[in-house]
1. Please give, to one decimal in nm, the separation of the simple spin-label points placed at residue 137 and residue 80, each 7 Å out from Cα toward the Cβ.
2. Compute the helix-to-body angle for 78-90: its Cα long axis versus the longest principal axis of the chain, expressed 0 to 90° and rounded to tens.
3. Looking only at 68, 99, 53, which one moves most when the chain is put into a Gaussian network model with springs between Cα atoms under 10 Å?
4. Provide the gained length on full extension for the span residue 3 to residue 130, in nm with one decimal, where the gain is 0.36 nm per separating residue minus the Cα-Cα distance.
5. Which whole number of Å³ per residue matches the convex hull of the alpha-carbon atoms in the stretch 57-135?
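What follows draws every value from the coordinates through simple rules; no lab data is involved. Since the structure is predicted, the reported quantities are computational estimates derived from the model, not experimental observations. As a convention, Cβ positions derive from the backbone with ideal geometry for all residues, glycine included, and neighbour counts pool all protein chains shown.
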């Protein structure tokens, strides 16, 4: 069964959220009120509500790096991942983990990048040559 994912989380400023999620990431805005806004996050629904973002800590091991936990993100086909990485770099995004390949030549080879939205919400974007390789071991 295929389904869409919905994730609701807090941001401190809806206009700044619109600028980042709509402008930098290129997500289409959906419904909104004075206290929240929905975006089409690459085919999934995110709802950004006014409030204090969740606390994160760099406790997740990715190779020899520590990344923020918890975090959310998505998996893209490699050409889409490369286009988004270029878009983020052009916007001078500060990366927690710069765009790079992991497990090169191994099952599960993937490209990854970590960054935070303007409120500190951490996001990981993965890219695969074939989405069927997502769960390869």
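1. Calculated label separation equals 2.6 nm.
2. 60
3. 53
4. Here the segment from residue 3 to residue 130 would lengthen by 43.8 nm.
5. Each residue corresponds to 89 Å³ of Cα convex hull volume.
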